[in-house]
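The values are calculated or read from the model by the stated rules, or taken from the named source; none is laboratory data. If you're wondering where the values come from, they're calculated on a predicted model, not measured in any experiment. Reconstructed Cβ throughout: ideal geometry from the backbone, glycine too, with neighbour counts over all protein chains shown. Only protein heavy atoms, including side chains, enter the accessible area calculation; ligands, DNA and RNA are left aside. Shrake-Rupley method; radii C 1.70, N 1.55, O 1.52, S 1.80 Å.
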Amino acid sequence: MKLVILDGHAVNPGDLSWDLFSEYAEITVYEKTPQDLVAERIGDAEVVFLNKIVINREILEKCPNLRYIGVLATGYNVIDLEATRERGITVTNIPAYSTNSVAQHTFAFILHFTNLVSSHNASVQNGDWVKCPHFCYWNAPLTELEGKTLGILGYGNIGKQVERIAEAFGMKCNVLLHHPNPSVKNACTPEVFFRDSDFITLHAPLTDETKEFINKESISKMKDGVIIINTARGPLVNEKDVREALESGKLKGYAADVVCAEPMLKDNPLLGAPNCIITPHIAWAPLETRKRLMQIALNNLKGYLNGKPVNTV
């Protein structure tokens with residue numbers, strides 16, 4: 001059986017091994033594949049793994065041997081599911097592999113704004129502490145998380161893990177649900193969510209309902225000085241509106257691991273915005289997290305080969 005990995009670099013830039021899969025197939029790994037070479041590189045393979053490569057009806061028509069597509073991510077919007085179902089092609093994804101790492105990254109962002117470690121280190125390295133007549137100093141107000149309110153949009157695995165961490169810090173959490181669920185003890189209305197949150201963190205999928213959830217109108221309903229964290233999907237926010245709110249001071253800070261177009265475009269309105277922190281989509285990327293992803297991908301393949309597919313979409 002032939003197995004092709006179309007864009008292996010993101011998951012494994014060289015610090016892991018694809019040898020786990022060699023027991024089950026003849027493997028060909030491409031670090032990255034241009035869209036116009038996808039069908040050619042799949043060729044007569046039965047199995048393909050990919051992350052952000054688009055598989056549409058046209059490609060499927062050129063790859064009649066393809067029986068299995070393994071998406072090396074949780075999101076699978078790159079796959080034409082209607083076309084794969086018509087052809088009996090099994091599609092799997094990798095659910096819940098990055099829960100802990102994304103929640104951790106969320107709090108790395110929050111603590112960036114509250115403890116100001118980076119700016120104080122820069123000050124110390126610049127010699128300011130050496131010149132200081134006092135045993136300590138701070139160059140901007142520091143913030144304690146105890147008693148602060150965290151608004152959580154999206155209450156899946158990551159949202160729940162963020163809530164657990166927040167409660168360990170002594171924070172109050174308000175959860176905004178798009179579908180009522182009486183079992184969620186701290187669910188709130190949009191009015192309360194915007195009015196009371198000191199921090200807002202986004203963990204919802206991108207849908208027509210959630211697209212540009214953060215915009216000029218919703219920001220106007222927030223308290224002054226709120227900090228917004230986005231480790232979910234770039235288009236959950238209107239980036240132009242966020243920049244304007246940062247420049248006016250309405251938002252105290254915005255931190256994102258995702259943007260609307262990735263790789264980031266040079267005219268992205270968030271570039272150079274004040275009090276804006278951006279990381280290049282790395283919340284999912286710790287070594288341990290990627291090892292877990294690859295193991296789940298292998299288990300998905302084994303399930304398919306044994307006639308008992310798991311994590312199908």
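When the Karplus curve 6.51 cos²θ - 1.76 cosθ + 1.60 is applied with θ = phi - 60°, which whole-Hz ³J(HN,Hα) does each residue of region 258-272 get, with x for Gly and Pro?
Result, rounded to whole Hz: 9, 9, 5, 10, 10, x, 4, 8, 5, 9, 4, x, 7, 5, x.
Run the numbers for LEU20 and ASN299: contour at 0.36 nm per residue of separation, minus the present Cα-Cα distance, in nm.
Roughly 99.4 nm would be gained on extension.
Regarding region 1-58, what are the three Cα extents along the principal axes, ordered largest first, in Å?
32, 24, 13
Could you work out the Rg to Rh ratio of region 7-116, with Rh taken as the Kirkwood radius (inverse of the mean 1/r over all Cα pairs)?
Looking at region 7-116, the ratio lands at 1.07.
Let me know the volume per residue of the alpha-carbon convex hull for region 66-212, in Å³. All intermediate terms of the calculation are to be shown ahead of the outcome.
On the way: hull volume 25.3 nm³, N = 147.
Residue-normalised Cα hull volume stands at 172 Å³.
Can you tell me the orientation of helix 157-168 relative to the chain, as the angle in degrees between its alpha-carbon axis and the longest Cα principal axis, to the nearest 10?
30
When only alpha-carbon atoms count, how far does region 116-178 stretch along each of its three principal axes, as whole angstroms with the largest first?
53, 19, 17
Given the chain, what percent of its DSSP beta bridges are antiparallel, to the nearest 5?
Just about 5 percent of them are antiparallel.
Residue by residue, what Karplus-based ³J(HN,Hα) values in Hz, rounded to whole numbers, does region 219-225 have, using 6.51, -1.76 and 1.60 with θ = phi - 60° and x for Gly and Pro?
Along region 219-225, the couplings run 5, 5, 8, 8, 6, 5, x Hz.
Which one, [x] 1.03; [y] 0.95; [z] 0.98, gives Rg/Rh (Cα atoms, Kirkwood Rh) as derived from the coordinates shown?
It is the value labelled [x].
Expressed as a fraction of 2.2 N^0.38 Å, the rule-of-thumb size for a compact globular protein of N residues, what is the C-alpha radius of gyration of region 61-134?
Expressed relative to 2.2 N^0.38 Å, the Cα Rg reads 2.16.
For region 82-219, compute the number of Lys pairs whose alpha carbons are separated by less than 23 Å, excluding pairs fewer than 8 positions apart on the same chain.
So the count of such lysine pairs works out to 7.
Rounded to the nearest 0.05, what FRET efficiency is calculated for LYS131 and SER248 with R0 set to 41 Å and r the Cβ-Cβ distance?
According to the calculation, E is roughly 0.75.
At 1.4 Å probe radius, can you tell me the per residue accessible area of the chain in Å²?
Solvent-accessible surface per residue comes out at 51 Å².
Which whole-percent values make up P(r) of region 197-313 when all C-alpha to C-alpha distances are grouped in 10 Å steps starting at zero?
Pair shares across the bins are 13, 37, 25, 15, 9, 2.
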